[in-house]
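Participant: Attaching a single structure in structure tokens format; questions to follow.
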Amino acid sequence: MASPDGPCVAVIPPLDHPPVLGGAAEDEVARAVLASEEEEEEDDSEEVGHGLATGQAAALSDDEDQEDEEADGQAEAVPHQLARQIERASPGHNCDNCLHARRFAYPQPRLKSSLLRSMRRTGLHFSPTHPGRRSPAPSTTVVDILTLIIQWQMYHLSDQILSYLDAVSLRTCEEVCCLWRGYIRHQKTWRKVVVNTAKETPQLMELNGWNRLLSRLSTTRDMVDMDVFKNLYWKMTTLKEVWRHQALSENKNHFKRSGTIVWTFLPSGRSVSVYTQGKGYVIKIHDDMTFKFRALLRSTLGTVKKDNLCLDATEKRIAVGGFVSQKVWVFNVKEGPITRKRHLEYLLGVMKGELARAEPTLDIELYKFINAESGVRKIKLHPDEKRMAVLLPSNQSVEIWDIDQVIRLQTHSVQADSLYLIWKEGILVTAPTYSGIIQVFNTDRETRVGTVVGNLRRIDAIAMYNQLIVTAEGKMIKLWSMPDEKMLIHWIATKGHLCSLFLNDVIVVSGSSAGVVKIWDLKTLFLLKGVDCVPIRRITMKGILHYPIKFIHLWSYTNMVIVAKYEAKKRKDKVKIVQVKTY
């Protein structure tokens, strides 16, 4: 608890030689404290019986005083030093726990002597006060057990207590007192709890990349990295409960088009869509998770009617490919000047009392044009926005192109029925429809890394994160290890038919043809090995007819967009934004 004048700062003493007590010794300490309290009550009753109206304590014998002074001389004055440091750092602050620490550092003589006598019986010689320093304190001193353990330097017990807390509770403990906050941050409690939690599922920590993050952060000394450990521990312990128990807020939007819509969602909250319109196609850009229109472009250059289009986009570039037209178009996205129309909209909004802001327009300009040798099934832009992967199943190849110079850099052989293409961090993954052979390529080394072979059946959806690959086959979901090239877990996810998947380092999201989205926890799947797995959340796309889930994307760990296709005469996509309320 911070004071009104300023935050309390506590300096934690160094961990040179903290006393390590076993289970039996700790029981002896507890019995010693109880014995000291009983002796104090007996002394108080004797004082009342003898009629001591002034309330002063009876004088100790000379032998007891001599023993107390010897014990005080041998013991360390750690709590006294800690109280002195707190007093120097923030004089006059009103932190309750710091006041409790001072009361503990300067207790009443009767409590001190009785406690020392009981501790000497158990063989523990420790004086919590400094000899010669006395200060008045109330008769009843309230000190929590964690403060006592920290002041007695029994850090193995405090770490054990804090390891049972989740991220939200541990964050709350940081805000209780300067003593707790200083201990949690300076003793690297966040890193300790993350390492202990990672030991429960070591295989998952290796496959989703958390082990690499821990090894990199363990050598740094900057306290800024504590925030990274906080976020990581929140994903480990709290995200599952957030999706399971917290309420959802849902926003819906309908998009009616003349042709099939292809979607791409960017991490910034921007969505890019393309659909056919006569002899050509239309590109649209929306911000604020598809709820704010920004730009539109109609193109008829080199197009044909009823073309089967594919799309991929980044913040600055958009790539569109046609299977029938056998072409690839690359566009640049730039911010243009604020037009007169935008100024008028801004003025009208101010006159109506609405919160409006004049924003620059987005300009979509054609940058490059590539003639492919066959129909283009999928396109994937590299994050550097300089390279592009083009899947040509008719030629049984996937090609890597330099966008600026329009040069073919690499060519890899794939299956003739390849339908899926994923490109992340130099790893290119292609998957066919029926043959069940998933090929993995390293585009930086221009070699094939491995091949994941499944059953000879249809692959309905695929997703990848780091070294994990998840596939949907009918009603079943299979989780694969890319380095080992083997299946780790499989489970029945739905009664119907799966048609979309999403994967990150914490959860797996599946969408079925009945319009049902289920969220699965990766840690629970690894612990149960896929047996009797229950989703942590179930979301339904309601409508007159079923909405088969077309696309799933997570903008953040608590914001999800679901795109469902409306199966009716009207070609319409239903976009649903789901946000779970955090603490």
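The values are calculated or read from the model by the stated rules, or taken from the named source; none is laboratory data. Fair warning: this is a prediction, and the values are worked out from it, not measured in the lab. Cβ placement follows ideal geometry from the backbone for every residue including glycine, while neighbour counts extend to all protein chains displayed. Surface accessibility is based on the protein's heavy atoms, side chains included, excluding ligands, DNA and RNA. Shrake-Rupley method; radii C 1.70, N 1.55, O 1.52, S 1.80 Å.
Participant: Look at segment 168-218 and say how many of its residues are surrounded by 17 or more Cβ atoms within 10 Å (Cβ to Cβ) and on the phi > 0 side of the Ramachandran plot.
Facilitator: Count: 1.
Participant: For segment 553-583, which positions are open to solvent by 80 Å² or more (accessible area, probe 1.4 Å), more than 25 Å from the chain's Cα centre (by Cα) and either at pLDDT 80 or above or within 18 Å of Ser271 (Cα to Cα) (or both)?
Facilitator: Lys565
Participant: How many residues are touching a residue at least 24 places away in the same chain (Cβ under 8 Å) and either of a type outside the set (Val, Ile, Thr) or touching a Gly at 6+ places or on another chain (Cβ under 8 Å) (or both) if we restrict to segment 405-424?
Facilitator: So the count comes out to 10.
Participant: I would also like to ask the following. Within segment 150-167, count every residue that is open to solvent by 50 Å² or more (accessible area, probe 1.4 Å) and assigned to a helix (DSSP H, G or I).
Facilitator: Adding up the residues that qualify gives 3.
Participant: I'd like the residue in segment 360-412 that is surrounded by fewer than 18 Cβ atoms within 10 Å (Cβ to Cβ) and of a type in the set (A, V, I, L, M) and, out of all such residues, is nearest to Ile422 (Cα to Cα).
Facilitator: Leu409
Participant: Using the structure shown, decide if Trp243 is at pLDDT 90 or above, assigned to a helix (DSSP H, G or I) and under 18 Å from Ile552 (Cβ atoms).
Facilitator: On the way: at pLDDT 90 or above: yes; assigned to a helix (DSSP H, G or I): yes; under 18 Å from Ile552 (Cβ atoms): yes.
Taking the combined requirement at face value, the residue satisfies it.
Participant: Select from segment 439-458 the residues that are modelled with pLDDT of 85 or more and open to solvent by 40 Å² or more (accessible area, probe 1.4 Å) and list them in ascending order.
Facilitator: Across segment 439-458, the qualifying residue is only Asp444.
Participant: Here is a list: Gly426, Gly436. Which entry is at pLDDT below 90 and surrounded by 14 or more Cβ atoms within 10 Å (Cβ to Cβ)?
Facilitator: Gly436
Participant: Also, quick follow-up: Six or more apart or on different chains, Cβ atoms under 6 Å: show the pairs whose first residue is in segment 536-555 and polar (S, T, N, Q) and whose second is at pLDDT 90 or above and open to solvent by less than 70 Å² (accessible area, probe 1.4 Å).
Facilitator: Thr540/Val516
Listed here are the residues, each with its yes/no results for (1) open to solvent by less than 10 Å² (accessible area, probe 1.4 Å); (2) part of a strand (DSSP E or B); (3) not basic (Lys, Arg).
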{"site": "Asp505", "(1), (2), (3)": "yes, no, yes"}
{"site": "Val509", "(1), (2), (3)": "yes, yes, yes"}
{"site": "Ala514", "(1), (2), (3)": "no, no, yes"}
{"site": "Lys518", "(1), (2), (3)": "no, yes, no"}
{"site": "Leu525", "(1), (2), (3)": "yes, no, yes"}
{"site": "Val534", "(1), (2), (3)": "no, no, yes"}
{"site": "Arg538", "(1), (2), (3)": "no, yes, no"}
{"site": "Lys542", "(1), (2), (3)": "no, no, no"}
{"site": "Phe551", "(1), (2), (3)": "no, yes, yes"}
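Participant: Kindly evaluate Ala461 against the criterion of being within 25 Å of the chain's Cα centre (by Cα) and buried (at least 19 other Cβ atoms within 10 Å of the Cβ).
Facilitator: yes
Participant: Continuing with the same structure: Is there any pair with a first residue in segment 366-377 that is of a type in the set (Val, Ile, Thr) and a second that is surrounded by fewer than 15 Cβ atoms within 10 Å (Cβ to Cβ) and not in a strand (DSSP E or B) whose Cβ atoms are under 9 Å apart and which are 6 or more apart or on different chains, and what are they?
Facilitator: Cβ pairs passing all conditions: Ile370/Val406.
Participant: Let me confirm something: among Val320, Val272, Val282, which residue is closer than 15 Å to Val561 by Cβ, β-branched (Val, Ile, Thr) and part of a strand (DSSP E or B)?
Facilitator: One residue alone meets the criteria, Val272.
Participant: Condition (residue is at pLDDT below 90 and of a type in the set (Ser, Thr, Tyr)) applied to segment 404-417: is it met by at least one residue?
Facilitator: Scanning segment 404-417, I find no residue that is at pLDDT below 90 and of a type in the set (Ser, Thr, Tyr), so the answer is no.
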